[in-house]
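The values are calculated or read from the model by the stated rules, or taken from the named source; none is laboratory data. For clarity, every value in this text was computed on a predicted model and none was experimentally measured. Note that each Cβ is placed from the backbone with ideal geometry, even for glycine, and that neighbours are counted across all protein chains shown.
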Amino acid sequence: MGAFKALEDNYSPAAVAAARDYYVVISGCSGAGKSSLLRELSDRGYRVFMEPGRQIVKEQNFIGGDGIPSKDVYKFVELCVSRSMHNMISAAATTSHVFFDRSIVDNVSGLKRLPPGAPPDLLKALETFRYSRKVFIAPPWPELFRNDRERLHSYADALAEYDALLTAYEGLGYELLLLPKTSIRERVDFILQELGL
């Protein structure tokens, strides 16, 4: 009973603020190699969180749910933001860098372009659940772009999303660092060097 209560009591959204400098986002263009970078970081012993959007689409498709972009984009984003907040809260006790494939910024920025825009609670999440100031951006890389069961949009859609993401991150005061178009190992070396690791 005591261990369960400790787990429940330690699950605190307020704890995220103290860990934000350890939360490193890898964002950018869809299909530009982010998942491969997370895999390499994991292989090097770092804690990573995969992209919530892809997880949500898999789960919703599995149960026949409508929380996917083509059916109910608002529900999809709510689910993604909830998953992102959960991941950040789960990692709040960390004292080492944790890497995230995309972030709440990615989730909410798309809604801002749709009428009626992002609801107040999601805008509050953008303010409250912050990440490390340095955000690593994977630039468009058409040779890597592939569609699959979760990535159904076109490369043109990916480019439009990419431009919106850059604006969103900069508008929230993040420092964007473009990843070089080199090998996975060299790109991860670049990230770790920029973080002084």
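I'd like to check something: does segment 96-104 contain any residue that is outside any helix (DSSP H, G or I) and aromatic (Phe, Trp, Tyr)?
Yes, segment 96-104 contains a residue that is outside any helix (DSSP H, G or I) and aromatic (Phe, Trp, Tyr).
How about segment 12-70: which of its residues are in a loop (DSSP other than H, G, I, E, B) and either more than 28 Å from residue 173 (Cα to Cα) or at pLDDT 95 or above (or both)?
44, 45, 46, 64, 65, 66, 67, 68, 70
Here's a check for you: in segment 50-87, which residue that is under 21 Å from residue 38 (Cβ atoms) and charged (D, E, K, R) is surrounded by the most Cβ atoms within 10 Å (Cβ to Cβ)?
Taking the candidates together, the pick is 51.
Only residues that are among the polar types (S, T, N, Q) and either more than 13 Å from residue 23 (Cβ to Cβ) or surrounded by fewer than 23 Cβ atoms within 10 Å (Cβ to Cβ) (or both): list them for segment 88-107, please.
If the condition is that a residue be among the polar types (S, T, N, Q) and either more than 13 Å from residue 23 (Cβ to Cβ) or surrounded by fewer than 23 Cβ atoms within 10 Å (Cβ to Cβ) (or both), then 90, 94, 95, 96, 107 are the ones that fit.
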